[in-house]
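Q: This is the structure I want to talk about, given as structure tokens.
Read the figures in this text as sums done on the coordinates, not as results from a lab. Note that the structure is a prediction, hence the values are computed from the model and not measured. Every residue, glycine as well, gets a Cβ built from its backbone with ideal geometry; the counts of neighbours run over all protein chains shown.
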Amino acid sequence: MKDLNEIISDWSQNGAILVLARVVKTWGSSPRPIGSIMIINEERKMLGSVSGGCVEGAVVKKSQALFTEHRAEKLSFGVSDEEAWSVGLSCGGSIEVFLQAVDFSSNKVWHNLLKRWQSNQSCVLVSKLSKNENWLMDENGQVTGKSLPPVLINEAQTVFNERVHRTFNFEGENYFIQVFPRKPTLLIIGVAHIAVDLVTMAHLHGFETILVDPRGYFTANTHFNTKPSQIFEAYPSEVLHQITLDPYTFCAILSHDPKIDDNALEVLLPSKIAYIGALGSKKTHHKRIERLTRKGISKDLISKIQAPIGIAINAKSAKEIALAIMSEIIKFKNKYQ
């Protein structure tokens, strides 16, 4: 969605209505996953995709009535085997597409959604599939729109934590609950040589990067090919409270110094962070487990640590180790998607 920000702002100038089309349900080998989005304006220009080309024309045609009626409509499409082959699938499937007339300028829900995209803030959109009625919930549970029942607020919070869109039935009505996450953050503890390549790879894959290391020599004298988003010269426990530790934050612990690594783990393990990986051999990790256990940290929390860090590719060089780490992080990021 963040790629659509500039276009949405441009197309919605002077209060222009747009039509938002979203995939809300799929069966079989659907060309696009649930949550896929397409934006259409009154000139029939479109951006995004709901099927990879199979049904976009029909969606644009159906959208035209919504510009004047300002309503919503749910459409069902079957994707034939022949159409599926044309977009790279082995067999066909079916999708449901939800169309809504959207006013990003004056409607408070849609305006706030656009503002949150533009400021890189997470939110969850709840839409009633029988009409054009919507609510927006931020990461703190604050809701924009009419009063939202506690059951739906809880479900929206679950969607946020699990990073997966879903349809939810409540009192005979179906609601589509979609998370619009902020840009993911890679938190790196320890400015090791691996961090240089890891920062580059993280930025390539759309992550913000934050480095934390109290050792001034390393932070001052390490040359990064890609500049990290932030660097903190401090112990982790001194600065992690300033960083959002939620399901869109991933951490690689690389310092190889127990005073730094353990200091970070004591803060990170009880948090909602999505991933914690720690550099070191199996023997090193066993010693790490013993230290954390002596500090009273439970086995369940300690088991969240991925160690040795990274996917096993027999990596040798710093670049290869960074590749293995980034691959494992992306695996965790896409776990529910």
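Q: Give the long-range amide H neighbours of L211: residues separated by 5 or more places, or on another chain, with amide H under 5 Å away, using H modelled in the peptide plane at 1.01 Å from N.
A: The answer is I188, Q230, I231, F232.
Q: Pairs of alpha-carbon atoms within less than 8 angstrom and 6+ residues apart define the contacts here; what relative contact order does the chain have, in percent? Don't jump to the answer; show the numbers that get you there.
A: Numbers: 658 pairs, mean separation 38.8, N = 337.
About 12 percent, as a whole number.
Q: Describe numerically, in nm with one decimal, the distance between label points set 7 Å from Cα along Cα→Cβ at K259 and at T284.
A: It works out to 1.8 nm between the two label points.
Q: Also, quick follow-up: Where does each of 329-335, 15-21, 101-107, 66-72 land if you order them by average Cβ count within 10 Å, highest first?
A: Going by the mean number of other Cβ atoms within 10 Å, highest first, we get 15-21, 101-107, 329-335, 66-72.
Q: Would you mind getting me the FRET efficiency between D10 and S106? Use the beta-carbon distance for r and R0 = 22 Å, nearest 0.05.
A: Calculated value: 0.85.
Q: Of the listed peptides 178-188, 112-122, 257-267, what is their order by residue-averaged count of other C-beta atoms within 10 Å, with the highest listed first?
A: Output ranking for 178-188, 112-122, 257-267: 178-188, 257-267, 112-122.
Q: Kindly express, to the nearest 10 degrees and within the range 0 to 90, the angle between helix 318-333's C-alpha long axis and the longest C-alpha principal axis of the chain.
A: 40 degrees
Q: When the helix-only estimate is applied to the chain (DSSP H runs of n ≥ 4, each -39,500 (n - 2.57), divided by the residue count), what is the mean residue ellipticity at 222 nm, nearest 500 deg cm²/dmol?
A: Computed ellipticity for the chain at 222 nm equals -9500 deg cm²/dmol.
Q: Assign one of three labels to the range 185-333, namely rounded, prolate or oblate, based on the Cα gyration tensor with a ≥ b ≥ c the square roots of its eigenvalues; rounded applies when a/c is under 1.5, prolate when it is not and a/b is larger than b/c, and oblate otherwise. Intermediate values should be presented prior to the final figure.
A: On the way: a/c = 1.39, a/b = 1.22, b/c = 1.13.
Rounded, since a/c falls under 1.5.
Q: Now for a different question. Want the number for E173 to V60: 0.36 nm per residue separation, take away the alpha-carbon distance, what's left? If you can, show how the numbers build up before the last one.
A: Numbers: separation 113, 0.36 × 113 = 40.68 nm, distance 2.62 nm.
Length gained between E173 and V60: 38.1 nm.
Q: Sort C251, C123 so the one with the fewest other Cβ atoms within 10 Å of its own Cβ comes first.
A: Details: C251 29, C123 22.
Lowest to highest Cβ neighbour count: C123, C251.
Q: OK, next. What's the FRET efficiency of E238 with H70 using the Cβ-Cβ distance as r and R₀ = 56 Å, to the nearest 0.05?
A: Rounded to the nearest 0.05, the efficiency is 0.60.
Q: Here is a further query. Considering the Cα positions of the chain, please state its Rg to one decimal place and its Dmax as a whole number of Å.
A: 22.7, 67
Q: Also: Looking at the range 118-182, I'd like the Rg to Rh ratio, where Rg is from alpha-carbon atoms and Rh is Kirkwood's inverse mean 1/r.
A: Rg/Rh: 0.94.
Q: Next up: Please give the contour-minus-distance gain from K316 to T158: 0.36 nm per residue of separation, less the Cα-Cα distance, rounded to one decimal in nm.
A: Values: separation 158, 0.36 × 158 = 56.88 nm, distance 3.94 nm.
Gain on stretching K316 to T158: 52.9 nm.
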